[in-house]
Amino acid sequence: MHNEPVRSTLIRDRWYIAAFSEEVSRTPLERTIFGDPVVLYRTEAGEAVAMFGLCPHRFYPLARGELKGDSIVCGYHGFEFDRSGKCVFVPSQGTGTGYRQPVYTVVEQAPLIWIWIGEQARCDPALIPPYAEFQLGEPGWKHCAHTRLYMRGRYELLIDNVMDLSHVHYLHGVAGDSYAQGRQEQEQRARSFRLTQRSRVPWNDYFAFLFSAAARFEGLAQVESVTDFYGPELIRTSIPVVTAVEGSDSVPDTLGRQYVLLGITPETEHSTHYFGLLNRNFRLEDEGYDDMALQSSMDIRQQDIEAIEAIEGRFDEALSRQPMMLVQADRHAIKVRGLLDRMREAALP
C-alpha cells in the first residue's frame, strides 16, 4: 500500500509454520524458509528436528541422505550429524569433527510445526499465535483441509489480499456484495488486529453448502465475519457467523462456526509458502463435508495465488510509472502495512 517500489523486508523474529505435523517423518524433507534450505525430520522418539539443509563439506542437500538413529547422514560422502548439528562421524577419517551444523528451534503444536528463524535470544514459545482463540485442538471442534500451496509472490501481497474482503465476490464468486457493503469495525487487541464485518442476509446457496439444507431459516440473519491479523505468520478468518435469526430467540447449533487459518511463511523475498486449514464445530462426523471443504479451500486460495502472481511480476515497475490508487476499502490493509513497518523497526539493533 505504498506509492513507491516495495523492497520487501522479511520479519524474522516470529514463529512461522514450517510444515504440517503429517508432513514430517523419518524420511528427510527439505523446505526453503527465509532463503535458508532447511531439512526437517523426526527422531526415533518422534520429535521434530530442523537443521540447515546443506552439508558443509560440499553443500550437498542433506534431505537426499538418510537417517541413522537420531542423526542424519549426507548421501554424498557419508558425513553424519546428530540432532544438535554436531558432526559426529566422517567416514574418510573414522572420527567426528568439531563442526556444528546450524539447527533451528521448532515447537510442534499439532497439527502444525512452528520454526523460529530469528535471533535466538528473542525466541519465546509464548509468542506462537494463541490456539485458544480459534479453538484448535479443543473438544467439539474438528480441523480439516490441511493444504500447503506455493506462491511466486511476496508475502505482503498475500496479506493485502486477505485483509481486503471487497475482492471475494469478483475473484471468487462465493458471496454477494454484502461483503463489500457491510458495516466494518477495526479493533487493536492484545494479540491481534481484528476486522469485524456485520451484515444482514437471507438463507442462500453458500449457507446450504456450509450447513446443509436441514439448517435452513426464514427471514434475515445477522451475520459477522471476523479477521484477525496475528502477525505476518498467521491470519485467522471466519465464515459468516450467524449471531441472530429474524423471529428466533436463539441461533440453532446447526448454524455453527468455522475458522480459516492461513499461515504465511516466506520462502524468499518474492516467494511464499501458503498454509491453510479449517476448524469447525458443526457436521463433525461428515467426511463428505471434509472433502467439499478441502476442494473449496483449494479453489479459492489458488484463485488468490493466480491473482497475486499476475501482480508480482509487474508490481515494482508499475509503481515506478504511476502511483497506486487507494480507496476506502484499502484502509484495513494500510493499517496492517503500518503494523508490519513497526515490527521491522522493532527488530533493528
Inset, instruction - Starting from the range 122-145, take each residue that is outside any helix (DSSP H, G or I) and list its partners that are among the aromatic types (Phe, Trp, Tyr), counting only C-beta distances under 7 angstrom and pairs at least six apart or across chains. - result: Cys123/Trp116; Ile128/Trp15; Ile128/Trp114; Pro129/Tyr230; Gln135/Trp141; Gly137/Tyr131
Legend entry - Pairs where the first residue, in the range 78-107, is crowded, with 18+ Cβ neighbours inside 10 Å and assigned to a loop (DSSP other than H, G, I, E, B) and the second is of a type in the set (Phe, Trp, Tyr) and at pLDDT 95 or above, C-beta under 6 Å, 6+ apart: Gln101/Phe52; Gln101/Phe81
Legend entry - Ala190 vs. criteria closer than 21 Å to Gly231 by Cα, at pLDDT 90 or above and part of a loop (DSSP other than H, G, I, E, B): yes
Inset, instruction - Could you tell me whether the range 159-176 includes any residue that is surrounded by 17 or more Cβ atoms within 10 Å (Cβ to Cβ), in contact (Cβ under 8 Å) with a residue 12 or more places away in the chain and over 21 Å from the mean Cα position of the chain (by Cα)? - result: yes
Inset, instruction - List the number of the failed condition for Leu67; all other conditions in (1) over 24 Å from Thr272 (Cβ atoms); (2) aliphatic (A, V, I, L, M); (3) without any contact (Cβ under 8 Å) to a residue 40 or more places away in the chain hold. - result: (3)
Legend entry - Residue under evaluation Arg200, criteria (1) at pLDDT 90 or above; (2) surrounded by fewer than 17 Cβ atoms within 10 Å (Cβ to Cβ); (3) touching a helix residue (DSSP H, G or I) at 6+ places or on another chain (Cβ under 7 Å), criterion not met: (3)
Inset, instruction - Quick one: in the range 257-309, of everything that is closer than 27 Å to Phe211 by Cβ and among the β-branched types (Val, Ile, Thr), which residue is surrounded by the fewest Cβ atoms within 10 Å (Cβ to Cβ)? - result: Ile300
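The values are calculated or read from the model by the stated rules, or taken from the named source; none is laboratory data. These numbers were taken from a predicted model, which means no experiment stands behind them. FYI the Cβ positions are ideal-geometry reconstructions off the backbone, even for glycines, and counts take in every protein chain you see.
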